[in-house]
C-alpha cells in the first residue's frame, strides 16, 4: 500500500466514525478534511470526541442529545452547529472562562511534572480522570467541563463546579508544591469553591479572597471534624476500657493498671471471685453496653471504702500456666 492510499484509508475510517456518531442523515463530507482524531465511546466515556485540524474539539453525546464544543472555536463551532441542526440537538459551548497557574514561589523547589503530554495523561489517569494528549496540551475531562493542562498553567473551559475545584487543588497539591494562583475573572462563588477545597487539602491559593459565607462554612466543617475525632476517640476509649476490664478480671496486671479508678474498684472490690470468673468468660461486645453501670457500681464502691476506711483489695495475678508441650512444664507423676 502506498503512502497516499494509506492516508486515504485513514480519511475513510474517520469518515465512517463521524457518520456513526452523527445524527441520522448528517452530511459528513464537508467536514472530513477537518478531522484530525476521533475517540470512540468507551464504558468510562460514553461519548464520541473529535479533534479537528485547527485545534477545536467537538463531543457528541447522543444519549442527552447534546453537542459540546471547546478549544479553538473555528471549524469546531461550525461542525457542532451542523450536527445539532441535523439531529435537533443542543449545542453546549464550553468557553474558556478561567485560568490557574502554578504559584510563582513554588517554582524554585519540589517535584515538577515534566511537560511531556504522555506523562500528564498518565498523571491524571492515576488520579481517576480521563485525559487526552493533543498538540496544544492535555485535556482533562471533569463532568461537562474541560481543563487544558499545559504543565505550569491550566485553563478551565466550561462551568466551575465542586469537582473542578477538586481537580485544580489536586494538581496544586501533588504537582505544584501546594500552591496555586487564580488568574483572570473568577466569580465569588467560584473563588469560594476553590478556597474551600484548598483548605481541605492544605493548599495555598492566591488571588482568591473567600467570602464571609465560605469562611463560616469552613468553620462549621472544622467543628464537625473535631466532633467526629472526639466521638471516635470516645469509641476507642470505651472499647479499650472494656478490653482492659476483661483483662483485669482474667488476672492481667497491666490491664488492671490502665483501668480508670471507678472500673478498677468495680473489678477489684465490688466483684467476688465467682463474679470475676463469670466476667472473665465474657466478650468485649457484651461488656461495652454495661460499662456505664459498672462505673456507677465502682464509684459507689469507692465512696463506701472512703466512708468506712476499708482498704482497697488487690487481685492476685496468677503465674502464667506453661503450655503442655513446654519442656519446662511439670511432668505428670
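Bear in mind these aren't lab numbers, they're just calculated from the coordinates by the rules spelled out. Predicted model only: the values in this text are computed from it and were never measured. All Cβ positions, even for glycine, are placed from backbone atoms using ideal geometry, and neighbour counts span all protein chains on display.
Listed values, structure above:
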| quantity | calculated |
| --- | --- |
| Pairwise centroid distance, computed over Cα atoms, of segment 193-208 with segment 10-85, Å | 36 Å |
| Spin-label pair residue 189/residue 126, simplified geometry with 7 Å Cα→Cβ offset, distance in nm | 3.5 nm |
| Added length on full extension, which subtracts the Cα-Cα distance from 0.36 nm per residue, residue 238 to residue 36 | 66.3 nm |
| Prolate/oblate/rounded call for segment 96-210, Cα gyration tensor, a/c under 1.5 rounded | oblate |
| Kirkwood Rh in Å, taken over all unlike Cα pairs in segment 151-224 | 12.5 Å |
| Computed log₁₀ I(q)/I(0) - Debye formula, equal Cα scatterers, no solvent, segment 144-283, q 0.16 Å⁻¹ | -0.82 |
| Where Rh is the Kirkwood radius over Cα pairs, Rg/Rh for segment 42-102 | 1.02 |
| Once the Cα gyration tensor of segment 228-308 is diagonalised, semi-axes √(5λ) in Å | 21, 16, 11 |
| Extension gain, residue 221 back to residue 283 (0.36 nm per residue minus Cα-Cα distance, nm) | 18.6 nm |
